[in-house]
Amino acid sequence: MHGRPRGQAHHRRPRSLAPDLEAHGAVSAPVAEQLARGARTASGAEFGVGVTGIAGPEGGTPEKPVGTVFIAVSSPRGEAVCAYRFLGSRAAVRERSAQTALDLVRRQILGLPLDPRLARG
């Protein structure tokens, strides 16, 4: 795997995210997509992942409660973003987000639907 994971506070996000941050907020599908695309471009890797969310215990709103997470995968096929609502402690939300991000990359590699509910069988 190329690159390294990095968490960023609101004020430390790259300037290239400014338009989507202003329009959609830091916890949004467009920002996750930009993070994934940026990770892929910056690392030269075949896949990039972007995760943004509210792990808690504070920071949630009625529209985006604690546990709201957007995970995007960028690949040669394009970008795909999934929205989730994970329950539990801050650590549980972060762990579930990481596990899910890795599963989305696995699904992308295997050509499976990103949402297992869409699988036919």
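For every residue, the table says whether it meets (1) assigned to a strand (DSSP E or B); (2) at pLDDT below 95; (3) buried (at least 20 other Cβ atoms within 10 Å of the Cβ).
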{"position": "SER16", "(1), (2), (3)": "no, yes, no"}
{"position": "PRO19", "(1), (2), (3)": "no, yes, no"}
{"position": "GLU22", "(1), (2), (3)": "no, yes, no"}
{"position": "GLN34", "(1), (2), (3)": "no, yes, yes"}
{"position": "THR41", "(1), (2), (3)": "no, yes, no"}
{"position": "GLU46", "(1), (2), (3)": "no, no, no"}
{"position": "GLY50", "(1), (2), (3)": "yes, no, yes"}
Handout entry: Single residue of VAL73, VAL69 found to be of a type in the set (A, V, I, L, M, F, W, C), within 18 Å of GLY25 (Cα to Cα) and touching a residue at least 12 places away in the same chain (Cβ under 8 Å)
Key = VAL69
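From the set of residues in the stretch 53-77 that are among the β-branched types (Val, Ile, Thr) and outside any loop (DSSP other than H, G, I, E, B), which is nearest to the chain's Cα centre (by Cα)?
Result: ILE71.
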Problem - the stretch 104-117: number of residues that are in a helix (DSSP H, G or I) and exposed (fewer than 15 other Cβ atoms within 10 Å of the Cβ) - result: 5
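Residues in the stretch 23-46 that are hydroxyl-bearing (Ser, Thr, Tyr) and over 27 Å from GLY59 (Cβ atoms): how many?
2
Of everything in the stretch 55-74, what is surrounded by fewer than 18 Cβ atoms within 10 Å (Cβ to Cβ) and not acidic (Asp, Glu)? Give them in sequence order. Spell out how you get there, then give the answer.
As a first pass, look at the stretch 55-74 and keep what is surrounded by fewer than 18 Cβ atoms within 10 Å (Cβ to Cβ): 57-63, 65.
Those that are surrounded by fewer than 18 Cβ atoms within 10 Å (Cβ to Cβ) and not acidic (Asp, Glu): PRO57, GLY59, GLY60, THR61, PRO62, PRO65.
The values are calculated or read from the model by the stated rules, or taken from the named source; none is laboratory data. These numbers were taken from a predicted model, which means no experiment stands behind them. Neighbour counts are summed over all protein chains in view; Cβ atoms, including those assigned to glycine, are modelled from backbone coordinates with ideal geometry.
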